[in-house]
1. Taking Asn307 as the residue in question, decide whether it is of a type in the set (S, T, N, Q), surrounded by fewer than 24 Cβ atoms within 10 Å (Cβ to Cβ) and assigned to a helix (DSSP H, G or I).
2. For the range 216-251, which residues satisfy the criterion of being modelled with pLDDT under 95, among the small types (Gly, Ala, Ser) and either in a strand (DSSP E or B) or under 23 Å from Pro415 (Cβ atoms) (or both)?
3. Among the strands (runs of 3 or more DSSP E) confined wholly to the range 338-436, which include 3 or more residues that are outside the structural domain of His141 (by TED's automatic domain parsing), of a type outside the set (Val, Ile, Thr) and more than 28 Å from His141 (Cα to Cα)?
4. Could you pull out the residue among Glu316, Glu351 that is closer than 30 Å to Leu291 by Cα, surrounded by fewer than 21 Cβ atoms within 10 Å (Cβ to Cβ), among the charged types (D, E, K, R) and free of Cβ contacts under 8 Å to residues at least 40 places away in the same chain?
5. Out of everything in the range 134-149 that is over 11 Å from Trp124 (Cα atoms) and basic (Lys, Arg), what residue ends up being surrounded by the most Cβ atoms within 10 Å (Cβ to Cβ)?
6. Yes or no: Glu191 within 23 Å of His280 (Cα to Cα), modelled with pLDDT of 90 or more, assigned to a loop (DSSP other than H, G, I, E, B) and within 20 Å of the chain's Cα centre (by Cα)?
7. If you check Asp324 against the conditions, is it assigned to a loop (DSSP other than H, G, I, E, B) and of a type in the set (Asp, Glu)?
8. Look at Leu164 and say whether it is at pLDDT 90 or above, surrounded by 23 or more Cβ atoms within 10 Å (Cβ to Cβ) and farther than 24 Å from Pro267 by Cα.
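The values are calculated or read from the model by the stated rules, or taken from the named source; none is laboratory data. Keep in mind the model is a prediction, meaning the values are calculated, not measured. Positions of Cβ are generated from backbone atoms using ideal geometry, with glycine treated the same way; all protein chains shown enter the neighbour counts.
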Amino acid sequence: MSDRRCERTTAQTLAALGAAALLVPLAAPAPAFAESGWTRQDLDSADRVGLVLESGTLRLDGGEADGGGASLRLEEGQGGAGLATFPEQALEHPTDSVDVRVRADGDIEDLLTEVRGVRPDGMWTEWHPAPERGGRVTLPHDVSRVQSRVEVDGDGTALTGLRLRPLVSSADHPDGGRGEDGAAEESGAAEPFSARLFATRIGLVGGTTANGHTVRQDDHFAALPSRRGLATRGGGEYTVRVCTTGALGPEGKGGTADHEPRCAYLPVWDVGPWNTTDDHWNGDRESWRDLDRGRPQAQAAYQEGYNGGLDGFGREVRNPAGIDLADGAFQEALQLPTNGWVNVDYLWTAEYRQRAEITTVTQSDPVVVRGGPGRDHDPVGLAAYKANVDVACQAVGDEATGPFGTSSAWYRIGPGHYVPAAFADGGADAPDCADL
């Protein structure tokens, strides 16, 4: 579902996003900042879901989407939508500004183009929309690599061309700084931004998420109400740590907090609930900027009658949900008996020290997170396949065998949270845990 639609933003009603892997082979370096320095994006190179390449254009697929993608499954009577993500490309010179040009058959308002870049710590910035008819996109950091994606939202519209070129950084631009497309993401923060949110269960097994993932039974991922933090298909570059609080129900009653919280590390693979432009974790949020940082619009609408008690599409808000959780995350990882309040850490809002990606042989099962470096320590939650975690340090514990061999090293990925190094791609250079 695009941010222009007004149906319920759940996995089954969202537009599917084509996606590229977090690290993919780089295209040839883009030209320098010359007036003619455009790089044309090859439409055939896009990883697409819900779109078909036809006569040199990308348009909505009336049947099965090619490129290995799943067709969209939307509510009856609603139109289709699809997105394509292009391979990342290297820049000759770091910059925080990119010029975008889009060509279309049909109504160009049915296209939404977004751009992101790789931060100095090797992680991606969030996605940022380009002006509707093309123009300057300013990112929150100087980047050396960029990536673009385009949503096609209309049966009569097709993407016929997309070009990018780097511009002089915003600090040297005549307007004196970042424009409307710049974001106030945390830069170099030691700890990720945290918020207390009401969590609901996604369900919808067999549906298609906003990044093209087909929802499985007992799946482990999260949905946030903004496209800016939506990971690519099969990626975990935007990962949240979700921990229970013991408070259940919309009013926070009926639970108990006299036990250790359980936590889940989850990639963001869907958009919802309620809104699609509510990046409430950012200080300079895209919508509803008068609300406090970390307070979702739906929560304010439900609790205080904000916006007349309606969401961004004019629907009555019937719960304060700010995050959706797939069934496995909801029931197995967090063991929530019903919808309830959770603490959420947006891991990408801090600088990663040693990034590692959780990996399992099944490519679906999560890894048990324990309270210490060994199987004699109690389980305290689960880390989902593809979740990107920050390894603070490593310790010697019980030997474990996983996709990366057999090792007695365990990684601390959060306060009192440990996983075997044999299930993590990366993190080998983390220092020893001094307090063990």
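1. yes
2. Residues satisfying the conditions are Gly246, Ala247.
3. Fully inside the range 338-436 and qualifying: 379-383, 393-402, 405-414, 417-420.
4. Glu316
5. Step by step, filter the range 134-149, then rank; the result is Arg149.
6. When the stated conditions are applied, Glu191 passes them.
7. For Asp324, the condition - assigned to a loop (DSSP other than H, G, I, E, B) and of a type in the set (Asp, Glu) - is not met.
8. Yes.
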